[in-house]
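Structure first, commentary second.
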Amino acid sequence: MSSLLIHQFYAAVAPWAGLALLLLGRNPHPDLRRKIAAILLSALVLFVIPFSGWTIAAWLRVLEPNPSITLTVLLLLALTSRLTSQPLFRRQDWNAIWVFGAIAALILYPMGLGLTSIDPYTWGWERSLPMVTALIAGGLLLTGNRFGILLLLPLGGFLLQLQESANFWDALIDPFYGIISLIVSAWFILSRFRKR
């Protein structure tokens, strides 16, 4: 299997899982027909139906050619949880997911846009960022947080070169995961202040 084919297949997994989740809806116990229909219909819409000469998956690659491994695994875990009706993560695991994503987004994107003289995107080509990520994952695992397991997966995907990018930041976070994390974290903080 060529590396281009591997990169294209990997880049299609996140949109497929996201669309399948949307088609399943918020029903915590969808029936078997709805599960199968959501999975097949999402694949049909993304990979078969052409739109202006391209499939929808190809158009989505224009928006985000390199979905992070973290976001891809989160979508697959959410889809698995919805299909099996079994929660895979606890509330504190999800809190760690959103807080980590928000902090990583705040470190990477404003500084990477030139708002400071430091460019943290260059850290992704060094060994320090994967090591810091492994330390964070180890700390989470020692406290019993399952997000630590998920945080180790970008390391593996990076070593297997699943993505086109050779920068570790791209395996760890992407704009979609960053924006969602910032929104969820802001909502969490606002709801805490409302309770007081």
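Every number here is computed from the coordinates shown, using simple stated rules; none is lab data. The model shown is predicted, which means the values in this text are computed figures rather than measured ones. Because the Cβ atoms are built from the backbone with ideal geometry, glycine has one as well, and the counts that use them run over all protein chains shown.
Here are the numbers for this structure:
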quantity	calculated
Gyration tensor (alpha-carbon) shape descriptor, the range 107-196, a/c threshold 1.5	oblate
Cα pair distances of the range 3-195 binned at 5 Å [whole percent]	1, 7, 13, 18, 19, 18, 13, 7, 3, 1, 0
Label-to-label distance, nm, for residues given as L153 and W94 (7 Å Cα→Cβ offset)	1.7
Contour excess over end-to-end distance, with Cα ends at L190 and S52 and 0.36 nm allotted per residue	45.4 nm
Mean ellipticity per residue at 222 nm, deg cm²/dmol - from DSSP H runs of n ≥ 4 across the chain, formula -39500 (n - 2.57)	-22500 deg cm²/dmol
Relative contact order (%) - criterion: Cα under 8 Å, at least six apart; region: the range 3-195	27
FRET efficiency for E164 and L41, using Cβ-Cβ distance with R0 set to 25 Å, rounded to 0.05	0.35
For peptides 46-55, 106-115, sequence by mean Cβ density within 10 Å, most packed first	106-115, 46-55
